[in-house]
Structure formats: C-alpha cells, structure tokens
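To start, the structure itself, in structure tokens.
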Amino acid sequence: MRLDVVSIFPEYLAPLDLSLIGKARREGLIDLKVHDLRDFAHDKHRTVDDSPYGGGAGMVMKPGPWSEALEHVLAQEDSPSGDEPRKVPTLIIPGPGGEPFTQQIARELADEPWLAFACGRYEGIDERVYEWAGERMPVRVLSLGDYVLNGGEVAVLAMVEAVARLLPGVIGNAESLVEESHEDGLLEYPVYTKPAEWDGRAVPDVLLGGNHRAIADWRHEQRVQRTAERRPDLLPPTAAASALSDLEERVATPADAPDLQVLTRACWAPEFARYGMFGAGEEDLETVRDGIQEWDTRVWRKDGQLLASVRVRSHPTQEATWQIGRLMVAPYLQGRGLGRELLGYAESLASEGVRTFWLNTGAKSTENLRMYKKAGYKVRPGEGEFPGTVDLTKRQVTTSLPE
Ligand code: ADE
C-alpha cells in the first residue's frame, strides 16, 4: 500500500518508523512518504496560513500551498500510461467535524492501494481545498473522536496504524486480528497470563481447565457483558431486551417459518461441536412449517426481528403430559434469564389436567441440562426420544387449594 502524508510537522510522523509498521515499511509492504506543506509555500517565511474572512479567532490554512502539495502527491503516480485512467489516492482529511473513524472504515481503507492524508492545523483548511480535491480524487473527512486535537497528525498516526495492521503480512499472527474489539461488533474479552495467582487475585478457573468449548463460551459471555457495560451503543437496539415483556409475543404462523429456521440454526450451531451435526438446525423449511402446524408455537420479536421462540402441545402418546420444545433465545441475548422465563411461560400454557411437563435435549448439552434441572426437571433414565438425547420431566405443581 502506498501512503502519502502532507503536514507542516513531518517529524510528527516519525513513530511510523517504529514497531510493526516500521518493519512493514522496511519490508516494502507499505510505501510511506511524508511531505512538508511548507515546501509548497513560496514566500520568504514559507507561510501556509492567514486570517479568516469574516473575522474570528485563529488562522486558516491557505488554499494555494495545499493544491500544490496535493498536485505533487498526485504526480507521484507509479506508471501513468497513455490509455489507462489516471490512478489517484483516496484523500483522508482528519478533522473533529468528520465522519467517525471506525474499524469498518479501517477495513475499507485497507482495501485501497493508495491513501493520502492532509493534516490540517490552526482553525482548519480553506473550504475550497475540499472542493478542489473532491474534483480530482475521492475525499473522506474522518474524525478520531468527539474531542479536539491540535492538528491532524495524531489522527493520521492512529489511522495509519489501524489500517496498516490489517494488511496481509504486517501482523505476524493473522489470527490475532480475528477476536479483537470491534471486529464483530463486540469488545474484546479479558486476557490473563502467568502467574495464575497474583496479588491475591486468581485467574478465572475456566481458563486453567483446558476445556476449549467452556473457554470459548466464557469469553463470548465476557465480550457481551463488557460491551453491554462499557459500550451499550454498539449492541443492536434489541439487545436491551432482558425480559420477555420487552418483546412482542405472537402465535407463530407459516410466515414465521424462514425466521424460525434461521433462529433454530443459530441456536443449534454450538451443538455441532458436541455431536458433529446440527440436529434441529438442519431442518428444511417444509419441516419447520409442519412443526408450526403440529405445535402451538410462540414467537417473540422486537423491531420485527425474531429473538425467541418455544413450542408446546399435549404429548401425542403420553397421557396428561405437556410437551415443551424448541426453546430458543437468539445467541447474543442468551445468559440473561430469558430461556428460564420462556420455560416458565411454556409451562403456564399447559391445558387443564396436565400432570407432567416433558422436554428433550442433547445428552451432552450441559448448559441446557443445567437450566432444566434448576427449573426442577429430572433426566429420565435411558436414551431420549432421539439418538444422543435425553428426556426430562417435571411434575406439575397443583396450585389450587383443597376444597
Ligand atoms: N483534528 C483535530 N481534532 C481531530 C479529531 N478529533 N479527529 C481527527 N482529526 C482531528
């Protein structure tokens, strides 16, 4: 990737010679050139600013040096050939009034072959420079955050680092890019290293156990919890749901089948690691539609998004038994007690005369089993209704008083 930075303080960009970005420059992965804006001012004092029209505090950067500097950058095109359209960089102008710079934008910029950065100082750059530049190359005005820096240089350091580390080969271990904050909309999980106990503080047990599944679950939970605590704005609006009453309940119709199929796949995905198959997550649309006809299926939505579901019916062969199935909560809303609430609700739908609640789950689905047992269910001896599953039952507690 080619990078050109124009600044009145070229030395400010010296840190880009250090660490992984410096190494990437030396290895030729990044071709970065810093240009001094004052080289394009022609008076004795190399003046690049002047007072603002209309009055007001501070100085404004003059348009002339900027257009010359940017022409100079444009003229550095590698190998302009007769027929091909002229190659131009995307020009980034950092400023507190810009679009917020995010990981998504860093990814977009990392796909570009050539970026140029214009570091403003003082009260900013004459507005006509933005128009002039926009007629010659794509221009993006980007802000590092809602605060004011003295100039664009610090922002360029941050943006170049965020973009360059996404380029192939810049970070040795590409895997470390995957589970980072902002990569999938969640903040990073907490990390620990030796010693296992320090200052009377222990590393969480789960990390010492070597159970990769449990570690992955714990880390995911930590990411969701951290994001909810520190950056609730990053979570989808629906993530605010912590009780069924936050959602809209309906009896499912065949029109809900596609969404139910997706939710089922998402909820059954972790089962693959345990059983080598997705179970209910493999059902085709026709089977999902049949299920809606054969059961009383309830769906909970928020802003149109399907977030939870459960289905119930009288057990087809066991008398006075209420069958509960497909208890599902969207994965990113799990761990907030919604499943437990769904279960209680499914039980409350039981018809008169029901004496037993019945459900079925994977024999190795420890989280499900833990929740069902906590809710008073007991695992029936032997294999459950389907291979690799167990059935669980619970006696209906009669609430009516003796006459
Ligand atoms: N220049 C001055 N303040 C800035 C900010 N917040 N982001 C980017 N560039 C800036």
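None of 229, 286 is over 26 Å from the mean Cα position of the chain (by Cα), open to solvent by 70 Å² or more (accessible area, probe 1.4 Å) and farther than 21 Å from residue 343 by Cα except 286.
Residue 252 meets the stated requirement of being open to solvent by less than 30 Å² (accessible area, probe 1.4 Å), closer than 24 Å to residue 304 by Cα and at pLDDT 95 or above.
Looking across segment 41-61, the residues that are of a type outside the set (Asp, Glu) and either farther than 24 Å from residue 126 by Cβ or more than 43 Å from the chain's Cα centre (by Cα) (or both) come down to 41, 42, 44, 45, 46, 47, 51, 53, 54, 55. Exactly one residue among 20, 13, 37, 29 is farther than 23 Å from residue 89 by Cα and touching a residue at least 12 places away in the same chain (Cβ under 8 Å), and that residue is 20.
For first residues located in segment 265-279 and under 21 Å from residue 211 (Cβ atoms) and modelled with pLDDT under 80, partners that are hydroxyl-bearing (Ser, Thr, Tyr) and buried (at least 16 other Cβ atoms within 10 Å of the Cβ) and lie 6+ apart or on another chain with Cβ distances below 8 Å form the pairs 271/365; 274/365. Of the helices (runs of 4 or more DSSP H) lying entirely inside segment 83-196, those carrying at least 1 residues that are surrounded by fewer than 18 Cβ atoms within 10 Å (Cβ to Cβ) and more than 16 Å from the ligand (Cβ to nearest atom) are 103-110, 127-134. Filtering 333, 342 for residues that are open to solvent by less than 20 Å² (accessible area, probe 1.4 Å) and modelled with pLDDT under 90 leaves a single hit, 333.
Only one entry of 399, 389 meets the criterion of being farther than 18 Å from residue 248 by Cα and modelled with pLDDT of 90 or more, and that entry is 389. In the condition set (1) in a helix (DSSP H, G or I); (2) among the hydroxyl-bearing types (Ser, Thr, Tyr); (3) closer than 28 Å to residue 396 by Cα, residue 317 is compliant with all but (1). In segment 310-318, is there at least one residue being modelled with pLDDT of 90 or more and either open to solvent by less than 10 Å² (accessible area, probe 1.4 Å) or among the hydrophobic types (A, V, I, L, M, F, W, C) (or both)? Yes: segment 310-318 contains one or more residues that are modelled with pLDDT of 90 or more and either open to solvent by less than 10 Å² (accessible area, probe 1.4 Å) or among the hydrophobic types (A, V, I, L, M, F, W, C) (or both).
The values are calculated or read from the model by the stated rules, or taken from the named source; none is laboratory data. For clarity, every value in this text was computed on a predicted model and none was experimentally measured. Note that we place each Cβ from the backbone using ideal geometry, even for glycine, and neighbour counts take in every protein chain shown. Side chains included, ligands, DNA and RNA excluded: accessible areas come from the protein's heavy atoms. Shrake-Rupley method; radii C 1.70, N 1.55, O 1.52, S 1.80 Å.
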